[in-house]
Amino acid sequence: LVNQVWLDQAGLKKEKVLNRHMADIFPSIIEAGRLDVYKEVLRTGESRELQHCIHPGGKETWFNIRVFKVGEGLGLITRDITKEVTYRQRLETLHKHTVILQNADNEAEIVEKTFGILVDGLEYETVDIIKCEDGKLLDFHTTTPETFEIPITGPGITARACRLAESQLVQDTSKDPDYILGTHEARHRSELVVPVLIEGKVKLLINIESKKPYSLTLEDKKLVELLAGHIGSQLESLKLESERIRANLAEEMEEMKSKFMHTATHELRTPLTSMKGFLELAIDEDEPEVLQRYLDIVYRNTQRLEALTNDLLDQQRLEEGGLDINPVKVDLIKLVSAVVNDLEPILDKRDQRIQVTVPENVVILVDEMRFQEILFNLLDNASKYSPEGSTIWLSAKVCDGRLQVSVRDEGIGLSEEDISKLFKPFPDIDNPVVSDQSVGLGLSICKGIVELHEGEIWAESPGPGEGSTFFFTISEVDLD
Amino acid sequence: MSVILVVDDEPDVLLLVKTQLESEGFQVYTAESGREALEFLDKNKVDLLILDVVIPGMSGLDVLRKIRSGEKSGLPVVVFTALGREVDMMLKPENEADAYLRKPYTKEELVETVRGLLE
């Protein structure tokens, strides 16, 4: 007995099969492994199953063969399981590929890898990954050359899938009222659209098309839905992660701002205290000499307050990118001499010496005032944090087309931790000689200005008590 | 005559407090750091201490804590603050000072606070 379906599947004719030995038709039917199975079925009487693959016309076809005992002979029932086997194979391929998705750390990378899985792993010919954003569908990654932008309220199967947030499998697009016959899609006849959901909302859509109607199946739908689920959860966890990072950053910024405000307020109140107090005393003072002394103190503190408010303004402008520099060509020696002259009274008071080593005929392109400000700040710090009678070295050299300036002192030195905080506004320097009141915005502003000149600024120190050296570079240098 | 010690790292503020209180008949000594202040307190009889929160080395808080846990735990202490978190820190029970003065202050506020504590 033999049925027609089996004959069709095996590509055989009935008259060529009946009354012939099975082994003549299918030599594989008596191959060693199989014979053992038959013998066992005959001996025990229990049925067994076998899987068998043939290639009629080059197409891979899988059969499940049920072997059972009939009287003293054997009966075989074969069933075409090609669909199940292919699905299982594709599922394995999918699982193997989804592992690579886990290493992706941004949306674009996930989409690109998904595209690869669909095209290379699952061998779909026409794949579109579409982004759903602000009520519009946009091409994200595609095998077709055309790009589009359509509203989700518009026609098309993709828009429908987006609206319903549900997969759409259309076996024959010519019968679907929503199908748009695009210039490029005229030949495509079966279409599968699977949405990728994040927190219940459609974020992406995977669109697969095939030239033949009924060639995309429920198995394809299951596979792509599985993949869409993976991508969805991957994108969701990325979103959560980036939200967490953003929240942390915002919190940090808030804390920094509040600390900045607190320190700035304290700094402003200090000169204000002296001004208010000595003015109060001055009002009731009749002695001209004493009065003069009080007013001198008030004046000095007004200057200090002015400098501090200027610093605060500079710091804010630097942070908001609103500080402009006006670079001009200036002679390095001229600039350095001016700063050293300004500094002399401060050095004299502390009996400190300065040794200057600066090359001649170097012209730099810098904002003159700002350059002097940086240099003055570094030298003033060197003096302030060094013992009386000590020496400060100021040197400049040109290397690799850049000017490098260094200021070395014999002062209190810096720990590695201090160096890392030094160029931030109002740093907490953990050094008993330095109160946090005397460390303000100076270095933070210096860093900002140096960076506006496309240079770098940094500090080095062998450790606390062993002096420190501050460096900065300027990139625009002319050598005569 | 009551003896007052003022601790602040600002020479101008030290001079100010000294001038203001001396004109009211107090005897005023000054210190620029916490260590200096504690040494002075060890060797001298002081009736009242005025302490800035922000001083070099040892903070004003550390000085206050040391005094409160030492022999002179009953010494009246006035703390200079500059608003903000310092106030929160200072208001913790273990840090409690006898009075707080916010900078910038008026001479009247200073003198009234000091007199109030010395009576």
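The values are calculated or read from the model by the stated rules, or taken from the named source; none is laboratory data. This is a predicted model, so every value here is computed, not measured. Here Cβ is always computed from backbone atoms with ideal geometry, including for glycine, and neighbour counts include all displayed protein chains. Heavy atoms of the whole protein, side chains included, go into the accessibility calculation; ligands, DNA and RNA do not. Shrake-Rupley method; radii C 1.70, N 1.55, O 1.52, S 1.80 Å.
Just a few scattered comments:
- One residue stands out among those in the range A:397-414 that are part of a loop (DSSP other than H, G, I, E, B) and not charged (D, E, K, R): the one that is surrounded by the most Cβ atoms within 10 Å (Cβ to Cβ), which is A:LEU414.
- Tally of residues being open to solvent by 70 Å² or more (accessible area, probe 1.4 Å) and either facing chain B (nearest Cβ under 9 Å) or not β-branched (Val, Ile, Thr) (or both) across the range A:273-285: 3
- Pairs linking a residue in the range A:276-289 that is in the same structural domain as A:ARG304 (by TED's automatic domain parsing) to a residue that is open to solvent by 90 Å² or more (accessible area, probe 1.4 Å), with Cβ atoms under 8 Å and 6 or more positions apart or on different chains, do not occur.
- Top-ranked residue of the range A:286-311 - restricted to ones that are at the interface with chain B (Cβ under 10 Å from one of its Cβ atoms) and closer than 20 Å to B:TYR105 by Cβ, ranked as farthest from the chain's Cα centre (by Cα): A:TYR294
- Criterion (open to solvent by 60 Å² or more (accessible area, probe 1.4 Å) and within 14 Å of chain A (Cβ to nearest Cβ)) met by exactly one of B:LYS66, B:LYS43, B:LYS72, B:LYS18: B:LYS18
- The lone criterion from (1) modelled with pLDDT of 95 or more; (2) on the phi > 0 side of the Ramachandran plot left unmet by B:GLY84 is number (1).
- Residue match in the range A:41-50 (condition: surrounded by 14 or more Cβ atoms within 10 Å (Cβ to Cβ) and of a type in the set (Asp, Glu)): no
- Filtered residues of the range A:1-21 (kept if surrounded by 10 or more Cβ atoms within 10 Å (Cβ to Cβ) and in a helix (DSSP H, G or I)): A:VAL5, A:TRP6, A:LEU7, A:ASP8, A:GLN9, A:ALA10, A:LYS14, A:LYS16
- Verdict on A:ASP409 being at pLDDT 90 or above and assigned by TED's automatic domain parsing to the domain that holds A:GLN355: yes
- Close pairs (7 angstrom Cβ cut-off, 6 or more residues apart or separate chains): modelled with pLDDT of 80 or more in the range A:183-208, open to solvent by less than 10 Å² (accessible area, probe 1.4 Å) and assigned to a loop (DSSP other than H, G, I, E, B) anywhere: A:SER190/A:LEU216; A:LEU192/A:LEU216; A:ILE208/A:LEU216
- A:THR270 within 14 Å of another protein chain (Cβ to nearest Cβ), open to solvent by less than 60 Å² (accessible area, probe 1.4 Å), farther than 16 Å from A:ILE117 by Cα and in contact (Cβ under 8 Å) with a residue 60 or more places away in the chain: yes
- Strands (runs of 3 or more DSSP E) contained in the range A:36-154 and holding at least 3 residues over 25 Å from the mean Cα position of the chain (by Cα) and without any contact (Cβ under 8 Å) to a residue 24 or more places away in the chain: A:48-54, A:61-70, A:73-80, A:149-151
- Residue in the range A:343-365 that is on the phi > 0 side of the Ramachandran plot, part of a loop (DSSP other than H, G, I, E, B) and buried (at least 18 other Cβ atoms within 10 Å of the Cβ) present: no
- Test result for A:THR265, out of contact with any Pro (no Cβ under 9 Å at 6 or more places or on another chain), of a type outside the set (A, V, I, L, M, F, W, C) and either more than 30 Å from A:ILE474 (Cα to Cα) or part of a helix (DSSP H, G or I) (or both): yes
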